[in-house]
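Engineer: So that we are looking at the same thing, I have put the structure below in structure tokens.
The values are calculated or read from the model by the stated rules, or taken from the named source; none is laboratory data. Quantities reported herein were computed from a predicted structural model and do not represent experimental measurements. Ideal geometry is used to build each Cβ from the backbone, glycine not excepted, and the neighbour counts take in all protein chains shown. Accessible surface areas use protein heavy atoms only, side chains included; no ligands, DNA or RNA. Shrake-Rupley method; radii C 1.70, N 1.55, O 1.52, S 1.80 Å.
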Amino acid sequence: MTPSEIMQNSAPSCAPEVPLLQGHLHPAVLLLRTLDALRSAALPLVLGVLVNRYLLVLAALLFLLPLSVALIRYLTFQYTLTRTELRTREGLFNRQERRIPIDRVQDLGFEATILRRLLGITVASVETASGRGAEAVLDSLGRAEAETLRELLLQARQELQNKQGLQVEVLAAPSHEPPAATTAALPEWTIYQANPVDLMMRGFTDLRFGTVLIAAFAALQVADQLGMLVKLRFAASSFFEWLRGFPLFVVALLLCALVASALATSVISSTVSSLLVFHGFVLSLRGDTLLSRYGFFTRRQKTLPRSRVQRVTIEQTWLRRLLGLAVVAADSAATGRAVGQEKADGFCVVVPMAPLAVVHQLLPALSVGCAGIPTRYRRASHRLVFRMTLKGTIVALLLCGAGIPFLGPLAALAFLLVPLAFVMGKLSFGNLGFRLLEQHLWLRLGVIGRYQAVLPTAKVQAVALEQGPLQQILSLADLTVFVAGGSPTRLPDLTLEMAALLQRELVARGALAAACDWPSEKPLPRTAGEA
Amino acid sequence: MEVNSAGSPPFGPELENAVLSERLERRVVIYWYVTDLMRAAVAVAFLLSASHYFGEQYPKLPAITWQAMQAFAFGIVLLALITPPLAFSRWRFVVDEQLMRMRYGILFVEERLVPVPRMQHLDLVRGPIERMFGLATLVVFTAGNEGSSFRVPGLSVPRAEELRDRILRLRGANIL
């Protein structure tokens, strides 16, 4: 197909420039901005009254400047949705117009904090594949207006997709779904609903004991900075004197109680936050778009086209793995996220917490053509355990050598690393696995936790193969798969032949998919990887 | 489709060097020497002055601490002297119809495959010292944010431009 034909095809039957929706920001946002400005001006205001009058000038500046900026933004901001693009325009002196083609919109997010909900407004953020987060933030729209915007945008995108779907079919790509007959008001299917028990479990199993420890350490540092530690030390010594009066087991009991209470605090806080953030989580599918809605105070909505999902991860930290529970997250090209990482707003989460069996049933709904769930993974190489142990030994030797001048014979303790490295190797070998299916690459990794990643092979951007010095000796290799969403997924310690085969196959599939995405005059032949 | 582990591996230095035919410009070794030694000089100056200063400040600590620091500084210089020719001899790449393949690394060997249709944009980067040597670095970007750029250093400017234009033509851009 020549470019001119494409131009003809994409020339829409109805004029694209007729705005479907046009509007300004909601006036209630000014109230919010006033509150913000007041908050930032509060401290200089108080200080100005109490200490020095001149600080009042600062307070006035801090109050008026952001407010005037907000006012100008409110007065000048305008957005327009047409059949093909979303346009935003703002600025007084520095006028800025931004046009986002609708077929480039990755996901749409809506976020309404409690205050915004009281005012009946919501923040809409439009994300493209730029990877820099939201491309356009409409802060804020009326709730009804936001709903209309979403509906119209989804509809326009569906129309565009149908058109493109036809084009791609002309280019003979059989994997595409046939275009839906209707574009208006597609039915919405609820595919998952979080129940409070699961959310409670999510909180219980979210062991943030580490954060408690870090917080305690930070508090200690601050206390030290303020010179309070001397006083504290005095208090501590008198406290220990007092403790010495008790028998040993009472002291141990007290210590246990202390640890337990710290644990309990962290568990309770994470449970409460889980219940609040993901309250009433509903995941539904409309046409080809995933919609999630959740939140108790701050209500969030996220839409993500299923065909744009770059990676689905099934994450089980060790405790969750013991209990057979899992979290599912989906990465689009708009997010950068490592496996196992979670952002506070939970926008990448598709299933906050569910038993693994339920998750497996849900997967086909999350990623197109994800029907074949591997029952057995292919194992990586056994030599992985050997490599880990060897590495542990080398590190131990180095540490021991470095430690001898300082610690003497105690430095031999470093050799405890060797059995540790062996166990780590064993554990990670047990988890490590992969499976290349029709349309997806399945990876499984982890040490005590277990993480599975499902990558649509059509989304592969590049594949790297890496060999460290030990791996060269043992002919092992690490495989790193780059997709546009999330951080690169890494599969360590495959045998060299296996890794090289996988690499070629994946790259060939990626290139083929890309050639279908970008219609060029001569379709690229598929040669590599088939060898 | 299942990957079969049977069959001869299409990987291995003997086999691949025939495919990965292109190498960097020879003068990149000198360029690397210059930059590495400059970097090493800064590190060594820092380490030696630090060991001298702290050696006077804390005479109680065993002397091996400072000796270790000096040895480390020596190691850095040695590395800067050894790595450039090795890195040059290992660097290989090729751009064919479908793929850009590159393989490099001394201890940690890396082989990267980037499908040409997946490339988003191409940059030519020339730093001040690179310009003195008439060298350029080609940077290829794919979609995504982390690790989405792939660099080919040490190309002569006409060659880098030729490579860029070739990729653009393969990519289907009819502007050239």
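Engineer: Could you list all residues from region A:74-95 that are part of a helix (DSSP H, G or I) and open to solvent by less than 70 Å² (accessible area, probe 1.4 Å)?
Structural biologist: A:TYR74, A:THR76
Engineer: Additional query: Out of region B:75-98, which residues are in the same structural domain as B:MET38 (by TED's automatic domain parsing), in contact (Cβ under 8 Å) with a residue 12 or more places away in the chain and over 18 Å from the mean Cα position of the chain (by Cα)?
Structural biologist: B:VAL77
Engineer: Taking helices (runs of 4 or more DSSP H) that fall entirely within region A:122-236, which contain at least 3 residues that are among the polar types (S, T, N, Q), touching a strand residue (DSSP E or B) at 6+ places or on another chain (Cβ under 6 Å) and modelled with pLDDT of 85 or more?
Structural biologist: Qualifying helices (runs of 4 or more DSSP H): none found.
Engineer: Follow-up. On the basis of being at the interface with chain B (Cβ under 9 Å from one of its Cβ atoms), out of contact with any His (no Cβ under 6 Å at 6 or more places or on another chain), farther than 22 Å from A:LEU356 by Cα and modelled with pLDDT under 90, does A:GLU497 make the cut?
Structural biologist: On the way: at the interface with chain B (Cβ under 9 Å from one of its Cβ atoms): yes; out of contact with any His (no Cβ under 6 Å at 6 or more places or on another chain): yes; farther than 22 Å from A:LEU356 by Cα: yes; modelled with pLDDT under 90: yes.
Yes.
Engineer: Regarding B:GLU111, is this residue within 14 Å of chain A (Cβ to nearest Cβ), open to solvent by 40 Å² or more (accessible area, probe 1.4 Å), closer than 25 Å to A:ALA458 by Cα and of a type in the set (Asp, Glu)?
Structural biologist: No; evaluated as a whole, the condition is false for this residue.
Engineer: Let me ask another. Go through the residues of region A:372-382 one by one and say whether even a single one is in contact with a Pro (Cβ under 8 Å, 6 or more places away or on another chain), more than 13 Å from chain B (Cβ to nearest Cβ) and not β-branched (Val, Ile, Thr).
Structural biologist: no
Engineer: Using the structure shown, decide if A:LEU417 is away from every other protein chain (no Cβ under 11 Å), closer than 28 Å to A:THR480 by Cα and touching a Phe, Trp or Tyr at 6+ places or on another chain (Cβ under 9 Å).
Structural biologist: Details: away from every other protein chain (no Cβ under 11 Å): yes; closer than 28 Å to A:THR480 by Cα: yes; touching a Phe, Trp or Tyr at 6+ places or on another chain (Cβ under 9 Å): no.
No, not satisfied.
Engineer: Next question, about the same structure. Can you pull out the residues in region A:459-494 that are within 8 Å of another protein chain (Cβ to nearest Cβ) and in a helix (DSSP H, G or I)?
Structural biologist: A:PRO469, A:GLN472
Engineer: Also, quick follow-up: Scanning region B:31-47 for residues that are open to solvent by 80 Å² or more (accessible area, probe 1.4 Å) and hydrophobic (A, V, I, L, M, F, W, C), which turns out farthest from the chain's Cα centre (by Cα)? Please lay out each step first, then the result.
Structural biologist: As a first pass, look at region B:31-47 and keep what is open to solvent by 80 Å² or more (accessible area, probe 1.4 Å): B:38-39, B:42, B:46.
Pick out the ones that are also hydrophobic (A, V, I, L, M, F, W, C) and you get B:38, B:42, B:46.
Details: B:MET38: 17, B:VAL42: 20, B:PHE46: 25 Å.
Going through the qualifying residues, I end up with B:PHE46.
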